[in-house]
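*Asks:* One structure follows; several queries about it will come next.
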Amino acid sequence: MVEVTLWGSLSAVAGGKARHEIEAKDIRELFRKLAEQYPGIEPWIDRGIAVAIDGTIYRDTWSKELPEGAEIFLLPRLAGG
Amino acid sequence: MNFDPRFSGRQFASVGTRPIRPDGIDKVTGRARYGADFNMAGQLVGRVLRSPHAHAVIKSIDTSKAEKLAGVKAVITAKDLPDLTDGDAAMYDILDNCMARKKALYDGHAVAAVAAIDARIARQALKLIEVEYEVLPHVTDVDEAAHHHAPLINDQVFTEGLEEKPAKPSNVTKRTQFGHGDVHKGFAEADFVVERSFKTEQTHQGYIEPHACVASVNADGTADLWVCTQGHFVYRQHCAQLLGLEASKLRVTSSEIGGGFGGKTHVWAEPVALALSRKAGRPVKLVMTRDEVFRASGPTSATSIDVKIGAKKDGTITAAEATLRYSSGPYAGSWAEIGAMTAFACYKLENVKTVGYEVLVNRPKTAAYRAPSAPMAAFAVESAVDELAKELGMDAVDFRIKNAAQEGTRASYGPVYGPIGIGPTLEAVKHHPHMKAPLKANQGRGMACGFWFNFGGQTCTDLNIGMDGSVSLAVGTVDVGGSRASLSLVAAEELGIDYSHVKAIVADTSSLGYNDMTDGSRGTFSSSMATISAARNAIKILRERAAQTWDIPVEDVHWEKGHAIAKGEKYGNLSPLSLKEIAAASGKTGGPIAGHSELVADGAGVSFATHICDVEVDPETGSTRVIRYTVVQDAGKAVHPTYVEGQYQGGAAQGIGWALNEEYIYGKDGRLQNAGFLDYRIPVCSDLPMIDTQILEIPNPNHPYGVRGVGETSIVPPLAAIANAVSNAVGVRMTHIPMSPPRILAALDAEREG
Amino acid sequence: MRYIRPLSIEDAVGELAKAVGPAAILAGGSDLLVRMKGGFIEPELIVDIKRIGGLADIKETADGFRIGAAVPCAVLGENKAVRKAWPGVVEAANLIGSKQVQGRCTITGNLCNASPAADSVPALVAAGAKAVVAGPSGKRTIAVETVPTGPGRTSLAKGEIIEAILLDKRPEHAGDAYLRFIPRTEMDIAVVSAGVNLTLDDHGAIKTARVALGAAAPTVLLVEEAGQVLVGSKLDEATLERLAKICSGACRPIDDKRGTIEFRRKVAGVLAQRAAAIAYKRAGGK
Amino acid sequence: MAGVAVSTTINGDAVEYLCQPDETLLEVLRDRLGLTGAKEGCGTGDCGACSVIVDGRLVCSCLVLGAEAEGRKVETIEGMAHGDQLHPLQQKFLEHAALQCGVCTPGFLIAAKDLLEKNPSPTEEEIRFGLAGNLCRCTGYDKIVRAVQDAANVMKGA
């Protein structure tokens, strides 16, 4: 079980709730379970969501494991220059 | 992938040295080939017809006269680029931006294109294309566009991210929000509150090389594209999708690139050139003029930002809030969102809230520009922070140090920071001699902090060892500022050989696996990680070959300083085998030796910088000169320190231009007034002082060498640092960027008149 | 389109006079080629005047200097005699564009391009320079301020070419200066500018004065009242203030991408003061 | 439009070409003669990327007609090195990393060569004003100025 925090706009799609307890071992499972619970999230995942695990931002490594007790935060996937 | 990207504090032999770049000689002799320097047999010249209107329905386009002109081989309109985007809204916007479909949405929007046997005929042909427009009311100002009376740019846009779906369409495409805590409570606890509104004007990346490409489509559906780009693999994807080509049959070669800064992350002319080539059956070269570059590529957002910050008497910030409105051109973007994320990222805040609004305007589609969106947010926040320090009677640096984020701080954009460099850059600035240097009359000093994310992403490299022991390294991230030198250093470091034996090149899309582009300060970060991984894979093979030569178990063979060494007393009489010796024997030990790597280089660090700047303002003319400038930034690990300094200096110089003179100026007719280097005033050599740099190295825990991206952060603090310096020099808070002489003089006059 | 390179002024005048379509004179080309590139002008005939005898020379005459129409500003700047006599004119000429442009551009071209913001023109007007015009009906000599009649328009008739600019010999105690305001340190077009030319009497008081402003009206302005206010003074504070006020008041500027009306008015006065101070010092005033 | 036949000297070699009357020297160099070292950054004389030297004068080749080169001597970046011996400016630009993207570099080198030929001991200010007609967007000019200073010292010693 991990605790996931969603950024402001995404939490609006997830029942207005920023914090969610989810049983997920990696980013892929986390996204799948979030989408099952809140179908509105799916287009956001398609557009790109980054996952910060203990402050390190992962944009593409969906196989990244989510350690128990880690600080997990979802962010928009950004563009750079 | 069993590659371990974690930082290990090691001693370096090559990394950290400053050799000459491998592509240097070509660049000082004029041999390096950029976008416009390539030609193909039978090549035609492509030219684009652009809308003279800021907002107009395209009622009809008659190309028949142009088609009949001798020497014209193809004329295309949106009809020749049918919509294949299959509901992908972002791709549809790119398509529409390449060639307007129903409406021209800004002055300079492409509406048709020709390919002819020479430039003169192509120009004549453009004049023969008859476009019937129905001119619509337009809006170019970000605040006016956000107003509910503004002309609608797209009547299908209903603001996203609101609690209730709005009943009416508007130019605001999206609202986003970040933060934590309770700002109302925080402001109630504050002894001092500063509240200010700021504006920044739209700027362009201003790369010296205009967009250029040569496209060649064959009858069998194969195609070649030579182009200056920050990401040839991304260009391949986009062009293939927009033209219905198979990605693998479109070979994209990235030319040398004459600057990008985010502006060459986007296709504009390339799908048009490919469509022209497809129709004409001949290669087409398409080069933008400088006027086209300004009118129809690049620019960053114009912004309007409100900031409110409160602090206790002891200097603790209790709450911080910002509302940020960013223009995105006529298509939806996420620029305010990034501004909202970065605005307060330097600080440790209990209560913080930022809200971003994306606003459509009749200006070119906004593109990334070096740490996109962060400089404007930093300008607003760092100006307000300076003002608050003044109200508190605290030194500007001390106030920032007191409130700086550190490891374990919850970032204003959400997650908790690992080891970061904001505190160290501030301490370095506090003790920098620049801060103590005396100032003369009409001079002022300012400082400011800046934050930027770093990206990682998909990366792929090939490392091939020749029979003579020299190494060729093929990378897929475009070299925009010396990364081939840095990556060669990394390969040399890992293999334990001399830098001079490594030659790095940027491979085309058919020679290497997919790579994300060189953006988000990721080039050296991600490709160095892939290079380390590839080198380690090659070393594994080198060890195997040595083991085979010696006929001992591979576990007993170690790799040290470019040699295979048999470890253990029983091998005492085996002299080490050099990479060169192993390579020379490779034909007999199993064939060529290579290391490959395909990885996602995630785990990029975040990056901080603090800048100091002295200016002198002529109070009678409002003219500002930057007389001293210092950049302090965390590089994680500077692989090639000279090029790291170069990134620091270049970003600072761009920021100085933005702060003082650069801006898009639109007339009442919605047309761009200053589409050229004469009146879009980027800094010239005599405008700038030397730009001093100090590199800090706080290792990124997620890179074997501790590398962080360094490319973008340096443009974040200058707007604010210069605004603070000017405000200190003239005694009036400057709230509108650029602080051009007329704006400074007007602010001084307003102050004098009270 | 035809490109010709006549060797005599008569041939050049003749070709221009009989040209059917639009014709352009090419000396330095730094304005012409930009306008051609932008599609603002498509000449049928380009007359390159650089090989016409005498047009590429600077001659010192009994009356002063004769600066050929094809003399690049860089060459003008290297001429010690002109620089000594007319430092303000030379400075102004050497402010046009970059080193690269300096190698090509000419003061005659700058005058004939008829931009109100032309750098060398206020200095030439303040200097009382004259233009020698060759045309189908012979030659005439006119004051430079009568050449531009509006932005991009001149008083020259079809077939006429300015072959040289004339500058007077300098008396004792004379000085001139030119200042422009630009946002950067180089490369910009003047937002507003001022040229001042003074002579002093034996006591250091100003005997004659001419003040001209650039980018302050549709053509370069000769502000006669500003000259009058300087005459008799030793450039005291009160005179400088009146000078600034008169210059600001004489301006009829526009709001555009380069500056606002208010800015141009105010800075015109500031620059006139500063240029007057430099000219005064150069004339030997204290 | 009738072509203009031109005989000229480029980097010491006699060259003949036919060009259109409105064709710039930059277009001739790049498109007719394959000398693509000079770059077009603006086409209006504002960036200096197309700098060449004509009869000892530094010019923007985008502001010179190809036809005007008749009988002149043109020097371009391609002629700056002597064989495999780089000009000291070229060498110092490499050593100081006075280039990032490198597209402005040929123009800077030509302009700096002209500057040092006319003024072998320039001050920093003279270098900065002397090179103000060449735009660089990558470096902030710092390393370019240092490279020119260093090259000037080397050339004086030579």
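*Asks:* Given +1 on the Cβ of Lys and Arg, -1 on the Cβ of Asp and Glu, and no further charges, what dipole in debye does the stretch D:4-77 carry about its Cα centre, rounded to the nearest 20?
*Replies:* 180 debye
*Asks:* About the Cα centre of the stretch B:110-204, what is the dipole size in debye to 20, counting +1 per Lys and Arg Cβ and -1 per Asp and Glu Cβ, all else neutral?
*Replies:* 380 debye
*Asks:* Mind giving me the nanometre distance, one decimal, between the label points for B:GLN156 and D:ASN11, set 7 Å out from Cα along Cα→Cβ?
*Replies:* A separation of 5.4 nm, rounded to one decimal place.
*Asks:* Tabulate in residue order the Karplus-calculated ³J(HN,Hα) for the stretch A:50-64, using 6.51 cos²θ - 1.76 cosθ + 1.60 with θ = phi - 60°, rounded to whole Hz; enter x for Gly and Pro.
*Replies:* 9, 10, 8, 10, 6, x, 8, 8, 10, 9, 10, 7, 5, 8, 4
*Asks:* From the cross-link list A:LYS25/B:LYS540; C:LYS18/D:LYS73; B:LYS199/B:LYS312; B:LYS285/D:LYS39; B:LYS102/B:LYS249; A:LYS17/B:LYS312, which pairs have alpha carbons spaced over 21 Å apart?
*Replies:* Violating the 21 Å Cα-Cα cut-off are A:LYS25/B:LYS540; C:LYS18/D:LYS73; B:LYS199/B:LYS312; B:LYS102/B:LYS249; A:LYS17/B:LYS312.
*Asks:* Sum -39500 (n - 2.57) across every DSSP H segment of at least 4 residues in chain B, then divide by the residue count to get the 222 nm mean residue ellipticity, nearest 500.
*Replies:* -8500 deg cm²/dmol
*Asks:* Which is farthest toward the positive dipole end of the protein assembly as shown among C:LEU124, B:ALA404, B:VAL617, measuring Cα position about the Cα centre, with Cβ charges +1 (Lys, Arg) and -1 (Asp, Glu)?
*Replies:* Farthest towards the positive end: C:LEU124.
*Asks:* What's the FRET efficiency of B:HIS558 with B:ARG33 using the Cβ-Cβ distance as r and R₀ = 30 Å, to the nearest 0.05?
*Replies:* My answer for the efficiency is 0.10.
*Asks:* Let me ask something additional. How about the stretch C:158-210: which GluC sites (Glu not before Pro) there lie in a loop by DSSP and see at most 14 other Cβ atoms within 10 Å?
*Replies:* The qualifying sites are C:GLU172.
*Asks:* What are the residues whose amide H is under 5 Å from the amide H of B:GLY108, where those residues sit 5 or more places off or on another chain and H is modelled from the backbone?
*Replies:* B:SER51, B:HIS53
*Asks:* Each residue of the stretch C:108-113 in turn: what ³J(HN,Hα) in whole Hz from Karplus with 6.51, -1.76, 1.60 and θ = phi - 60°, glycine and Pro shown as x?
*Replies:* Residue by residue, the stretch C:108-113 yields 5, x, 4, 5, 6, 5 Hz.
*Asks:* In the stretch C:174-282, what percent of the accessible surface is made up of carbon and sulfur (1.4 Å probe, ligands and nucleic acids excluded)?
*Replies:* The value for the stretch C:174-282 is 51 percent carbon and sulfur by accessible area.
*Asks:* Rg to Rh ratio, the stretch D:88-157, alpha-carbon atoms and Kirkwood radius?
*Replies:* 0.91
*Asks:* In whole percent, what relative contact order does chain A give with Cα contacts below 8 Å and a gap of six or more residues?
*Replies:* Reported relative contact order: 37 percent.
*Asks:* Is it possible to state the helix-based mean residue ellipticity at 222 nm for chain C, with each DSSP H run of 4+ residues giving -39500 (n - 2.57), the sum divided by total residues, to the nearest 500 deg cm²/dmol? What is it?
*Replies:* Calculated from helices alone, the mean residue ellipticity at 222 nm is -9500 deg cm²/dmol.
*Asks:* Expressed as a fraction of 2.2 N^0.38 Å, the rule-of-thumb size for a compact globular protein of N residues, what is the C-alpha radius of gyration of chain B?
*Replies:* Scaled against compact globular proteins, the figure is 1.00.
*Asks:* Please give the residues from the stretch D:65-85 for which the solvent-accessible area of heavy atoms, probe 1.4 Å, is smaller by at least 10 Å² with all protein chains in place than with the chain isolated.
*Replies:* D:LEU65, D:ALA67, D:GLU68, D:GLU70, D:ARG72, D:ILE77, D:GLU78
*Asks:* Now for a different question. Comparing the chain by itself with all protein chains present, which residues of the stretch D:13-27 are at least 30 Å² less accessible (probe 1.4 Å)?
*Replies:* Correct list: D:PRO21, D:ASP22.
*Asks:* Same structure again: Over the stretch C:95-202, with the other protein chains present, what is the accessible area per residue in square angstrom, probe 1.4 angstrom?
*Replies:* 30 Å²
*Asks:* When chain C is treated as a GNM, springs tying every alpha-carbon pair under 10 Å, which of C:ALA126, C:ALA212, C:ALA238 comes out with the largest mean-square fluctuation?
*Replies:* Largest GNM mean-square fluctuation: C:ALA238.
*Asks:* Using the Cα centre of the stretch C:232-286 as origin and beta-carbon charges of +1 (Lys, Arg) and -1 (Asp, Glu), tell me which of C:THR260, C:ALA283, C:ALA250 is placed farthest towards the positive end of the dipole.
*Replies:* The residue sitting most towards the positive pole is C:ALA283.
*Asks:* Can you work out the accessible area per residue across chain B, with the rest of the protein chains kept in place, probe 1.4 Å, in square angstrom?
*Replies:* 33 Å²
*Asks:* I'd like the orientation of helix C:9-18 relative to chain C: the angle between its Cα long axis and the longest Cα principal axis, in ° from 0 to 90, rounded to 10.
*Replies:* Value to nearest ten degrees: 70.
*Asks:* Given the convex hull over the Cα atoms of the stretch B:672-754, what projected area results after averaging over all orientations, in nm²?
*Replies:* If you wrap the Cα atoms of the stretch B:672-754 in a convex hull and average its projections, you get 9.2 nm².
*Asks:* Further question: In terms of modelled amide H atoms, which long-range or inter-chain residues lie less than 5 Å from the amide H of B:ASP118?
*Replies:* Amide H neighbours of B:ASP118, under 5 Å, 5+ apart: B:VAL45.
*Asks:* Relative contact order (percent) for chain D, with alpha-carbon contacts under 8 angstrom and 6 or more residues of separation?
*Replies:* That works out to 23 percent.
*Asks:* While we're here: At 7 Å along the Cα-to-beta-carbon direction for both C:MET1 and A:MET1, put a label point, then send me their distance in nm to one decimal.
*Replies:* Taking the simple label geometry, C:MET1 and A:MET1 are separated by 7.8 nm.
*Asks:* Extending each Cα 7 Å along its Cβ direction at C:ASP63 and B:HIS149, get the distance between those two points in nm, one decimal.
*Replies:* 6.3 nm
*Asks:* I would also like to ask the following. Looking at the stretch C:128-194, which trypsin sites (Lys or Arg not before Pro) are in a loop (DSSP not H, G, I, E or B) and have at most 12 other Cβ atoms within 10 Å?
*Replies:* C:LYS158, C:LYS169
*Asks:* What's the magnitude of the charge dipole for chain D around its Cα centre, counting Lys and Arg as +1 and Asp and Glu as -1 at the beta-carbon? Answer in Debye, nearest 20.
*Replies:* 400 debye
*Asks:* Also, quick follow-up: Do any chymotrypsin sites (Phe, Trp or Tyr not before Pro) in the stretch C:1-99 lie in a DSSP loop with no more than 15 other beta carbon atoms within 10 Å, and if so, which?
*Replies:* Within the stretch C:1-99, the qualifying chymotrypsin sites (Phe, Trp or Tyr not before Pro) (loop, at most 15 other Cβ atoms within 10 Å) are C:PHE40.
*Asks:* Go ahead and collect, in residue order, the members of the stretch D:96-110 whose backbone nitrogen is under 19 Å from a label point 7 Å along the Cα-Cβ direction of B:ARG18.
*Replies:* Counting only backbone N, you get D:96-102.
*Asks:* In Å², nearest 100, what accessible area do chains B and D bury in total when the solvent probe is 1.4 Å?
*Replies:* 4000 Å²
*Asks:* Mean shadow of the protein assembly as shown, computed from the convex hull of its alpha carbons, in nm²?
*Replies:* Convex hull of Cα atoms, orientation-averaged projection: 51.7 nm².
*Asks:* Show that you can apply the helix-only estimate: for chain D, add -39,500 (n - 2.57) for every DSSP H stretch of four or more residues, divide by all residues, and state [θ] at 222 nm to the nearest 500.
*Replies:* Only helices count here, giving -8500 deg cm²/dmol.
*Asks:* Starting from the Cα-Cα distance between B:LYS249 and B:GLN548, subtract it from 0.36 nm times their residue separation and give me the gain in nm to one decimal.
*Replies:* In short, 103.6 nm is gained.
*Asks:* Ignoring ligands, DNA and RNA and using a 1.4 Å probe, state the total buried accessible area between B and A in Å², rounded to the nearest 100.
*Replies:* Chains B and A together bury roughly 2200 Å² of accessible area.
*Asks:* Next question, about the same structure. Which whole-number percentage describes the relative contact order of chain B, with Cα contacts under 8 Å and a sequence gap of 6 or more?
*Replies:* 16 percent
*Asks:* Further, regarding this structure: Whole number in Å², please: accessible area per residue of the stretch D:88-157, 1.4 Å probe, ligands, DNA and RNA not counted.
*Replies:* That works out to 27 Å² per residue.
*Asks:* Counting only complete DSSP H runs, which helices of chain B cover 30 Å or more along their long axis at the Cα atoms and score a mean Kyte-Doolittle of 1.0 or above?
*Replies:* Taking the DSSP H segments of chain B (at least 30 Å long, mean hydropathy at least 1.0), we get none.
*Asks:* With a 1.4 Å probe, what is the total accessible area buried between chains D and C, in Å² rounded to the nearest 100?
*Replies:* In total, chains D and C hide about 2400 Å² from solvent.
*Asks:* What are the ³J(HN,Hα) values, in whole Hz, obtained from phi via the Karplus relation 6.51 cos²θ - 1.76 cosθ + 1.60 with θ = phi - 60°, for each residue of the stretch B:166-179 in sequence order, with x given for Gly and Pro?
*Replies:* Each residue of the stretch B:166-179 in turn: x, 7, 10, x, 8, 8, 8, 7, 7, 10, 10, 9, 9, x Hz.
*Asks:* Here is a further query. When averaged across all projection directions, what area in nm² does the alpha-carbon convex hull of chain D cover?
*Replies:* 9.0 nm²
*Asks:* I'd like to know which of D:GLY102, D:PRO122, D:GLN149 lies farthest towards the positive end of the charge dipole of the stretch D:88-157, counting +1 on Cβ of Lys and Arg and -1 on Cβ of Asp and Glu.
*Replies:* Ranked along the dipole, the leading option is D:GLY102.
*Asks:* Just to be sure I understand the interface: list residues from the stretch A:58-81 that lose 20 Å² or more of accessible area between the chain on its own and the complete protein assembly, 1.4 Å probe.
*Replies:* So the qualifying set is A:TYR58, A:ARG59, A:ASP60, A:THR61, A:GLU71, A:PHE73, A:LEU75, A:PRO76, A:LEU78, A:ALA79, A:GLY80, A:GLY81.
*Asks:* For chain B, with all protein chains present and a 1.4 Å probe, just round the carbon and sulfur fraction of the accessible area to a whole percent.
*Replies:* For chain B, the apolar C and S fraction of the accessible surface comes to 49 percent.
*Asks:* If you don't mind, there's one more thing I want to ask. In straight Cα distance, which aspartates and glutamates are under 19 Å from C:LYS130, not counting same-chain residues fewer than 8 positions off?
*Replies:* Output for C:LYS130: C:ASP57, C:GLU60, C:ASP63, C:GLU91, C:ASP119, C:GLU145, C:GLU160, C:GLU163, C:ASP168, C:ASP176, C:GLU224.
The values are calculated or read from the model by the stated rules, or taken from the named source; none is laboratory data. As the structure is a computational prediction, the values presented were derived from the model and not from experiment. Counting neighbours? That spans all protein chains shown, and the Cβs are built from the backbone with ideal geometry, glycine included. Just the protein is used for accessible areas: all its heavy atoms, side chains included, with ligands, DNA and RNA removed. Shrake-Rupley method; radii C 1.70, N 1.55, O 1.52, S 1.80 Å.
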